[in-house]
Amino acid sequence: MNILVFGPNGSGKGTQGAIIQKKYNMPHIESGAIFRVNIGGGTELGKKAKEYIDRGDLVPDELTIPMILNRLKEADCKQGWILDGFPRSMVQGETLAKALKDEGMNLDYVIEIVLPRDVAKLRITGRRLCVNDNNHPNHVAFDAIKPVEKEGKLVCRVCGGELKTRADDQDDTAIDKRHNIYYDDKTGTMAAVNFFKTLTGPKVISVDGRSSIDAVSAAIMKELV
Ligand code: AMP
């Protein structure tokens with residue numbers, strides 16, 4: 001089962017991707033998380049990507065597209081994958097569609113988490129990243145995933161790990177830039193969303209991202225077989 005997950009930054013798509021990963025035991029491939037691992041590890045890719053990410057700009061296609069297409073060819077993707085954060089533009093969408101065709105890979109589901117832009121923005125600044133596991137959701141404004149306090153410090157609610165914020169989550173201009181890219185239905189992410197939604201083949205699951213994490217997850221799970 002191969003799945004694309006779309007949603008603006010702040011919609012909880014990473015959280016939902018992690019829930020699907022756990023249930024179906026398939027790799028959850030997050031382009032942003034791959035970049036962050038590379039930045040943390042000081043790799044060449046990380047060094048090149050960092051300046052774009054900090055500004056809220058897209059990392060150039062010549063770095064991003066091969067990184068994702070090569071990842072999809074790895075052995076653990078044979079039984080299916082969840083792709084999150086890619087494609088983010090019409091060019092990436094068309095390139096992905098062609099690559100899937102060339103590789104004989106089906107796309108089974110297109111999940112779209114729909115969220116108004118003002119709500120998405122409010123959600124971003126409160127999220128926290130667990131240094132142990134990127135798939136441990138923590139958010140200071142949501143009771144269900146609130147970090148816990150330990151020795152006067154907020155730590156990961158799942159594993160007690162240290163929490164960090166993302167630099168690009170605390171920068172107003174970077175947040176706005178990322179949303180400009182997402183909500184652009186001419187050449188941006190919404191153009192790619194609409195392109196994949198009209199393809200024959202994949203089943204489209206559109207869910208209201210304003211609901212709770214559990215409700216969004218239930219709405220998705222009832223459509224996934
Ligand atoms: P995310 O974790 O999905 O919010 O991604 C963080 C940042 O990584 C984005 O703001 C971009 O700078 C970069 N990034 C993630 N996915 C892509 C992509 N598909 N194309 C280009 N840049 C990306």
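The values are calculated or read from the model by the stated rules, or taken from the named source; none is laboratory data. These numbers were taken from a predicted model, which means no experiment stands behind them. Because the Cβ atoms are built from the backbone with ideal geometry, glycine has one as well, and the counts that use them run over all protein chains shown. Accessible surface is based on the protein model in full, side chains and every heavy atom, while ligands, DNA and RNA are left aside. Shrake-Rupley method; radii C 1.70, N 1.55, O 1.52, S 1.80 Å.
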For the chain, set up a Gaussian network in which alpha carbons nearer than 10 Å are linked by springs, and say which option among S212, S11, S31 fluctuates the most.
S212
Along the charge dipole of the range 39-101, pointing to its positive end and built from +1/-1 on Cβ of Lys, Arg, Asp and Glu, which listed residue (M90, L69, L45) has its Cα farthest out?
L69
Residue-averaged [θ]222 nm for the chain, counting only DSSP H segments that reach four residues, each worth -39500 (n - 2.57):
-13000 deg cm²/dmol
Which of the listed residues, A192, Y109, A167, is farthest toward the dipole's positive end in the range 100-225, when Lys, Arg count +1 and Asp, Glu count -1 at the beta-carbon?
A167
With θ taken as phi - 60° and the coefficients 6.51, -1.76 and 1.60, list the Karplus ³J(HN,Hα) couplings across the range 165-180 in order, rounded to whole Hz; mark glycine and proline as x.
9, 8, 4, 6, 8, 10, 10, 4, 5, 5, 4, 4, 4, 4, 6, 4
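Quick one: pull the percent of accessible area on the chain belonging to carbon and sulfur, 1.4 Å probe, ligands and nucleic acids left out.
On the way: 5800 of 11080 Å².
Solvent-exposed carbon and sulfur of the chain make up 52 percent of the total.
Which value, in debye to the nearest 20, gives the size of the charge dipole of the chain about its Cα centre, when Lys and Arg are +1 and Asp and Glu are -1 at the Cβ?
Values: 32 positive and 31 negative charges, 64 e Å.
Dipole about the Cα centre, nearest 20: 300 debye.
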In Hz, Karplus ³J(HN,Hα) per residue of the range 129-144 (6.51, -1.76, 1.60; θ = phi - 60°; x = Gly, Pro)
9, 7, 5, 7, 8, 4, 8, 9, x, 9, 8, 5, 9, 10, 3, 4
Under a Gaussian network model of the chain whose springs join Cα atoms within less than 10 Å, the largest fluctuation of I181, I145, I111 belongs to I145
How much area per residue is accessible in the range 1-138 when the probe is 1.4 Å and only protein heavy atoms are counted (Å²)?
45
Inter-site label distance for L224 and D133 at 7 Å from Cα along Cβ, in nm
1.6
Under the Karplus relation 6.51 cos²θ - 1.76 cosθ + 1.60, θ = phi - 60°, what is the ordered set of whole-Hz ³J(HN,Hα) values for the range 63-71, x standing for Gly and Pro?
8, 6, 4, x, 4, 6, 5, 5, 4
Can you pull out the GluC sites (Glu not before Pro) in the range 116-225 whose DSSP state is coil and whose Cβ has at most 16 other Cβ atoms within 10 Å?
E151, E223
